[in-house]
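Structure, as structure tokens:
Values quoted throughout were computed directly from the atomic coordinates according to the rules given, and no laboratory measurement underlies them. Please read these numbers as outputs of a predicted model, since none were measured by experiment. Glycine gets a Cβ as well: all are built from the backbone with ideal geometry, and neighbour counts include every protein chain shown.
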Amino acid sequence: MILNGGMDGFEWTGPRDFAGTVLVQLSGAVLRPGIAEVPFGVTLSEIVDIAGGLPPSHRLKALLVGGPSGGILPPEAMSLVYDHENLERAGAHIGSGSIVVVDQHSCVVDLAAVLTRFCADEACGKTIPCRIGLRRLAEIGSRICEGQPRGDEVTRLSDLAHDVAASALCAHERRATLALASLVRYFRDELDAHILRNSCPAGICHPKADARAGATS
Ligand code: SF4
């Protein structure tokens with residue numbers, strides 16, 4: 001964009017208070033994954049269209065926006081304008097510019113648990129709430145996926161995610177809580193299916209009922 005239009009061309013691209021372009025990586029359930037340069041001010045829906053949208057018969061379940069420490073947003077977020085403020089308000093961030101389209105074949109609970117475990121492994125260890133808190137959060141996610149919830153996991157998850165984010169020394173810790181916090185905010189039905197009914201709507205996790213059946217067969 002800069003090479004083609006010079007500085008003025010770049011400055012006049014996108015909204016006046018948020019000029020310029022951003023590189024986004026599109027992956028997941030899209031027809032043409034890849035990297036695109038888009039002006040700030042476009043919607044998530046317009047960005048997903050650049051990747052050809054979802055394959056036929058695939059239904060949008062969620063959007064992981066911001067990379068491994070990003071937020072998992074519901075389908076309604078497709079109308080969201082892609083800029084820092086809007087994404088932060090929705091519980092995500094631009095981060096690495098990654099947008100992963102999640103369809104009905106993936107489990108958002110499993111996704112959040114895996115992402116939190118990754119972020120826990122990536123913590124440098126300097127801050128105790130981050131070093132230990134992220135690991136405890138990841139364990140809660142794993143317990144829910146494995147059908148082994150202990151008591152009121154949703155409250156425990158919400159409180160711990162809040163406390164860990166509030167004690168953050170750097171952006172990693174604050175953002176690493178977003179994925180699991182997104183579940184409470186947007187995907188309570190999927191959480192309840194795992195916790196209350198030992199059921200994974202996408203058939204990815206192995207709730208307790210399945211584990212018991214396996215143990216006795
Ligand atoms: S908050 Fe940042 S500095 Fe502290 S342990 Fe986590 S990654 Fe390291």
With a Förster radius of 35 Å, plug the Cβ-Cβ distance of Glu46 and Val184 into 1/(1 + (r/R0)^6) and report the FRET value to the nearest 0.05. 0.75
Based on the Kirkwood radius over alpha-carbon pairs, what value in µm²/s does the Stokes-Einstein equation return for the translational diffusion coefficient of the range 2-103 at 4 °C and 1.567 mPa s? 94 µm²/s
Putting +1 on Lys and Arg Cβ atoms and -1 on Asp and Glu Cβ atoms, find which of Leu180, Gly34, Ser69 reaches farthest to the positive end of the dipole of the chain. Leu180
How compact is the chain by the rule of thumb for globular proteins, expressed as Cα Rg over 2.2 N^0.38 Å? 1.10
Cβ-placed point charges (K, R +1; D, E -1), dipole of the chain about Cα centre in debye, nearest 20: 780 debye
Among the DSSP H helices of the chain, those whose Cα atoms extend at least 20 Å along the helix axis and whose mean Kyte-Doolittle hydropathy is 0.5 or higher are 108-122
Over the chain: helical MRE at 222 nm, DSSP H runs n ≥ 4 each giving -39500 (n - 2.57), nearest 500: -14500 deg cm²/dmol
For the range 80-127, the dipole about the Cα centre with charges only on Cβ (Lys and Arg +1, Asp and Glu -1), to the nearest 20 debye, works out at 140 debye
Most positive-pole-ward Cα, Asn86, Ile132, Leu115, against dipole of the chain from beta carbon charges: Ile132
If the convex hull is drawn through the Cα atoms of the range 108-216, its volume per residue in Å³: 91 Å³
